[in-house]
Amino acid sequence: MFLQGILSNKKVLTACAIAVVITICAIVVPIAVVNSYDDAPKKTFAGRDVLDEVPLIDGHNDLPFSIYLVESNVLKRFNLDSNLKEDTVWSTVDRSHTDLPRLRQGKLGAQFWVAYVRCVDTQYKDAVARTLEQIDVTKRLIRKYPSDLKYVDTADGIMEAYREGKIASLIAVEGGHSIDSRLAVLRLYYELGVRYLTLTHSCNTPWADASPVDDPDTTPQPSPSQLTNLSPWGRNVVLEMNRLGMMIDISHVSYGVMRDVLQYSRAPVIFSHSSAHGVFGHHRNVQDDILVSLASKRGIVMVNFYPLFVGGNTIDDVVKHLNHIRSITGVDHIGLGGDYNGVTSTPEGLEDVSKYPDLFDLLAEGALRSGETFEPWTREDLKKLAGLNLIRVFREVEQIRDALVEVDPYEDLIPFEEFEHANVAVQPCRTDIDMLKKNKTSWLFQGLLLSASLTLAVSIPLTTDDEGGAAAKRNELSGRSVLDEVPLIDGHNDLPWNLYNFERNRINQFELNSDLKQHPVWGPSTSSHTDIPRLQAGKVGAQFWVAYVSCGNQYRDAVERTLEQIDVIKRLVRKYPQYLKYVTSTQGIMEAFREGKVGSLIAVEGGHSMDSRLAVLRMYYELGVRYMTLTHSCNTPWADASPIDAQVDAQKRNVSSWGRNVIWEMNRLGMLIDLSHVSYGVMVDALEHTKAPVIFSHSSSHAIFQHHRNVQDDVLKMLVQNNGIIMVNFYTGFIGGSSIDNVIAHLNYIKGITGPNHIGLGSDFDGVDSVPVGLDDVSKFPDLFDMLGDGRYRNGSTYEPWTHDELRKLAGENLLRVFGDVERVRDSMVDVEPYEDLIPYQEFVEAGVAEQPCMSDIDIHKQ
């Protein structure tokens with residue numbers, strides 16, 4: 001009856017029919033919709049959205065090289081915060097893909113800026129100096145735009161910058177030729193902020209092959225015996241990079257080097273800008289078996305956009321490489337390395353740095369512009385691609401570094417045989433090539449040195465123990481007591497030069513904390529005056545350790561060799577933390593003194609060490625150099641050395657117009673200007689143009705002994721007006737005698753001219769082969785202070801004793817005052833832009849050194 005009632009009621013039937021239809025639709029329509037998704041790419045988000053969640057990290061941008069090519073590294077007229085596509089010069093450059101507006105549009109979160117110099121131009125010449133210039137211009141560019149760019153050198157730093165809405169800016173070096181086969185240079189690059197090194201560019205190094213050796217079109221094809229792959233010494237480069245925490249980049253290297261690096265590296269490695277050989281068979285791309293090994297070692301390949309490497313000129317071609325690598329390695333080992341500003345063409349759709357969001361949208365959509373579809377990249381996939389993969393690798397590299405903290409630096413010099421195997425045995429720009437040869441004559445040299453040392457030792461008159469003891473006993477505490485109150489600061493010690501001569505800078509097995517007088521090589525040498533026991537006996541409170549290389553390195557490898565000397569100083573100080581403390585400021589000197597340690601500062605002796613490049617000077621300061629002697633015994637193109645004063649008919653240039661820039665830049669940096677070794681004219685010019693007090697780090701009085709290395713009275717009076725200091729040298733050849741009395745005569749005379757506020761001590765220990773009796777080594781400083789306080793020469797004659805306060809000033813207070821004044825001038829110039837002017841070619845011409853075969857950029861100075 002109930003069912004008949006329903007069937008007889010039309011309204012009820014109609015309602016039931018509608019309900020059935022609604023129910024069917026509710027079930028069928030969603031199924032149809034779901035089925036339709038199976039037939040088309042899924043797009044539930046815009047790919048670019050992930051760039052607001054994680055930093056987009058690009059592995060390779062050559063903007064610094066473009067700045068060199070277009071602006072000669074001069075930034076004062078360059079505006080990165082403008083549309084360079086409309087710039088009258090940059091708009092004509094075929095490798096201009098980057099400016100701040102486009103970086104913002106491209107949602108860049110972090111960028112590796114590349115310090116690159118062409119290997120074909122610079123290798124075995126000035127690659128190191130030129131690379132320092134590129135590191136310098138990168139740092140200056142970052143500092144110029146603090147609202148947009150933030151310098152970082154850690155994985156955590158990338159995230160900090162990203163949270164601040166700034167582009168984390170990291171530094172990379174492209175090409176192992178930039179280290180000139182010197183591990184010391186590699187270490188100092190790391191200290192300057194370099195966080196990856198590409199082991200080669202397109203040229204082989206003596207220790208690693210570049211990818212062109214794999215080019216099937218190369219004629220003739222190299223035989224297996226001609227290939228280096230990664231040489232035994234090259235493994236040291238890899239292991240030292242692991243120890244430092246520097247990422248190893250194997251873009252540009254050969255297949256053999258890729259394989260070897262993956263075998264020997266203890267940390268994950270990167271390809272900063274490479275693509276897939278399986279998609280396009282170019283020798284610059286990565287083969288599938290290498291990709292498999294890379295994944296097993298937790299590394300990353302950051303895909304290059306250059307059409308010549310991806311095999312096409314559209315964004316689709318780049319996506320094919322990304323998809324292929326994903327299919328081999330999974331999504332955990334992929335990133336992006338656009339190579340912008342380093343290539344002359346870019347793909348359609350990825351024309352410049354503003355186009356990254358379009359790439360992420362396309363990957364999320366799962367469809368090429370041609371219409372072909374692929375498996376869409378998920379949000380998590382895209383986060384890894386954008387930056388999380390690189391951050392993971394970077395952190396693992398840092399963790400390996402931390403695990404290797406107790407491992408000594410690798411010190412092995414590259415064997416000469418590796419130059420021979422690479423067919424580059426002739427090295428006209430490398431002054432130490434003979435030292436690297438297998439059958440080197442270093443031991444013969446040392447034997448001759450020892451023979452000469454013994455001869456010199458016999459020729460120096462010695463006092464008896466009774467005579468020395470009597471002098472010391474007259475007033476035992478009158479002078480030396482000040483050395484317990486203020487730090488004794490010695491302005492000049494050449495121990496690092498002896499480390500090079502005797503140990504080839506290999507100090508892992510060298511013991512400074514021993515009596516070197518008993519050492520079979522160091523002991524007999526008349527130029528060895530320093531070890532830790534004698535430093536302690538001498539109550540030395542602070543020491544300027546000198547990074548010196550001879551004038552024979554000028555116009556050749558002075559920069560590289562100077563970096564090696566800076567490196568050995570730093571390693572020596574780190575080796576003895578209980579005795580030595582690395583310092584770079586007046587405050588640091590006093591902190592070390594209070595801790596009972598020798599405050600250890602770095603100096604560079606000779607303007608030839610900066611190779612007439614202000615960028616190198618700036619990098620020296622950043623590495624801790626706190627004074628530079630403007631010349632050594634050779635003229636530079638911009639300043640005369642003292643020997644010119646002994647040449648009657650010499651054409652003197654004094655300080656050149658460009659040389660004044662050196663003085664002002666040192667003022668701006670806070671680097672002490674040292675006028676020892678310079679000519680009289682340079683002394684006068686420097687005192688006239690400097691904005692800060694200057695020093696003579698190791699010079700004596702010309703009136704007492706008329707040697708061109710000594711300082712004339714009128715200059716001493718100018719020094720007083722400048723509020724500077726002269727630190728008296730102990731070398732018998734400059735003081736005119738062989739006794740401590742001769743040194744005291746210089747000190748007394750200078751005090752009579754300048755008063756007690758402008759005198760210090762700059763012994764020149766370890767840099768000379770003859771020192772006065774009574775000042776035989778660094779242990780003898782207290783005897784000098786006793787004699788000054790006593791007012792009596794060893795020969796019995798007397799002079800006005802130095803007061804307690806005067807001895808405090810002599811010991812260190814005068815130098816601390818000068819150093820503090822230099823720091824205050826630096827602080828007052830904080831808003832002054834760096835001096836960028838290149839040395840004009842005419843100054844080379846006027847100096848008689850117009851031909852510069854080791855200077856690859858000489859033409860730029862002619863403009």
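Using the average count of surrounding beta-carbon atoms within 10 Å as a protection proxy, the listed peptides 670-678, 424-432 rank, highest first, as 670-678, 424-432. Over all other residues within a Cβ to Cβ distance under 10 Å of V343, the charged ones net out to -2, with Lys and Arg as +1 and Asp and Glu as -1. So what is Rg over Rh here for segment 383-436, counting just Cα atoms and using Kirkwood for Rh? Reported Rg/Rh, Kirkwood definition of Rh: 1.29. At the listed q of 0.15, 0.18, 0.29 Å⁻¹, the Debye profile of segment 477-527, built from one uniform point per Cα, gives log10 I(q)/I(0) equal to -0.60, -0.74, -1.14. Taking all protein chains into account, the per residue accessible area for the chain stands at 38 Å² (1.4 Å probe).
Solvent-accessible area assigned to carbon and sulfur over the chain amounts to 52 percent, based on a 1.4 Å probe. Temperature 37 °C, viscosity 0.692 mPa s: under these conditions the Stokes-Einstein estimate for segment 690-764, based on its Kirkwood radius over C-alpha pairs, is 275 µm² per second. DSSP assigns beta bridges within segment 479-845; of those with both partners inside it, close to 10 percent run antiparallel.
For segment 47-403, the Cα-based Rg and Dmax, in that order, read 18.8, 54 Å.
Across segment 108-147, Cα-Cα distances exceeding 12 Å account for 63% of all pairs. Percentage of Cα-Cα pair distances in segment 133-187 greater than 18 Å, rounded to whole percent? That fraction is 44 percent.
Counted over segment 795-863 with a bin width of 5 Å, the fraction of Cα pairs per bin, in whole percents, is 3, 12, 11, 9, 8, 7, 11, 11, 8, 7, 7, 4, 1, 0. At full extension, E406 and D827 could sit 147.8 nm farther apart than now, given 0.36 nm per residue minus the alpha carbon distance.
Shape annotation for segment 290-355: C-alpha extents along the principal axes are 34, 20, 19 Å, from largest to smallest.
What does the C-alpha gyration tensor say about the overall shape of segment 583-694? Classify as rounded when a/c is under 1.5, otherwise prolate if a/b is larger than b/c, or oblate. In terms of gyration-tensor shape, prolate. Summing charges over all other residues whose Cβ lies under 12 Å from the Cβ of M666, with Lys and Arg as +1 and Asp and Glu as -1, gives +4. Model label sites at S585 and D805, defined 7 Å from Cα along the beta-carbon direction, differ in position by 2.9 nm. One way to sum up the overall shape of segment 723-863 is the equivalent ellipsoid from its Cα gyration tensor, whose semi-axes run 41, 22, 12 Å, largest first. No solvent, one uniform scatterer per C-alpha: report log10 I(q)/I(0) for segment 479-845 via the Debye equation at q = 0.08, 0.09, 0.11, 0.15 1/Å, two decimals. Log-scaled intensity ratios, in q order: -0.35, -0.45, -0.69, -1.36.
One-quarter of the Cα convex hull surface for the chain, in nm²?
Hull-based average projected area comes out at 47.2 nm².
Just so you know, the averaged projected area of the alpha carbon convex hull for segment 652-776 sits at 7.5 nm².
With K and R counted +1 and D and E -1, the other residues having a Cβ less than 10 Å from that of R104 yield a net charge of -1. Among the helices of the chain, those built from whole DSSP H runs whose Cα atoms reach 18 Å or more along their own axis and whose mean Kyte-Doolittle hydropathy is at least 1.0 are 10-38, 442-459. Output the pairs from K144/K383; K150/K581; K107/K383 with a Cα-Cα distance over 23 Å in this structure; if there are none, say none. From the list (K144/K383; K150/K581; K107/K383), the Cα-Cα distance tops 23 Å for K144/K383; K150/K581.
The values are calculated or read from the model by the stated rules, or taken from the named source; none is laboratory data. Note that this is a predicted model, so its numbers are computed, not measured. Counting neighbours? That spans all protein chains shown, and the Cβs are built from the backbone with ideal geometry, glycine included. Side chains are part of the model used for accessible areas, which takes the heavy atoms of the whole protein and leaves out ligands, DNA and RNA. Shrake-Rupley method; radii C 1.70, N 1.55, O 1.52, S 1.80 Å.
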